[in-house]
Amino acid sequence: MLGQIADGTLVTPLEVEMSEHQPRNPEYRCFVARYVEAQRYLALLGVELARVEPGLVEYRLPLPSGRRPAGWLFPWRRGRGIAEAVMGAAAATLVTAGANVVGAEYKVNLLSPGRGAALLARGTVVKPGRRLIVCRADILAVAADGAETLCAIAQGAMAVIEPQLG
């Protein structure tokens, strides 16, 4: 079902919800870029920061091309880490300057094989809070023609760590 925002643009309910999130740090995009860069394992995997909006972050992970063994699947131990990281990055778009977020808990459900040209990890904030931010991640396999298949979903809570004063 589509809705409309003030300028008349048609959007999904998720996009309407995302547009309502207000960043508490005007430099949130730079903060998230540094946050992602600090997680060295993401660079080792080849994860690229693809999109940053208040309450929404997307990672893109190109998958190896060329010959793969029959039945090759993306190694989901890595996928769990990417799901947690993208939820943390989405939460980080809504914290105050100087604050940080850490994973308090999360769960991942695997739905289908991760086959394709790339994976897209989309982290969204479901419910922001002062101490905990509830997030969701969708992991999609993207085929060479752009078709997307939902591979995994995750839900988690990110704890907000405020800077120590004095």
Among the residues of segment 142-166, how many are assigned to a strand (DSSP E or B) and not charged (D, E, K, R)? 14
Those residues of segment 22-44 which are over 15 Å from the mean Cα position of the chain (by Cα) and crowded, with 17+ Cβ neighbours inside 10 Å, in sequence order: P23, N25
Of all residues in segment 119-136 being buried (at least 21 other Cβ atoms within 10 Å of the Cβ) and among the hydrophobic types (A, V, I, L, M, F, W, C), which is farthest from P23 (Cα to Cα)? L119
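Read-outs throughout are calculated quantities, based only on the coordinates presented, and are distinct from any laboratory measurement. Note that the coordinates shown come from a computational prediction; the quantities given were computed from them, not determined experimentally. Note that each Cβ is placed from the backbone with ideal geometry, even for glycine, and that neighbours are counted across all protein chains shown.
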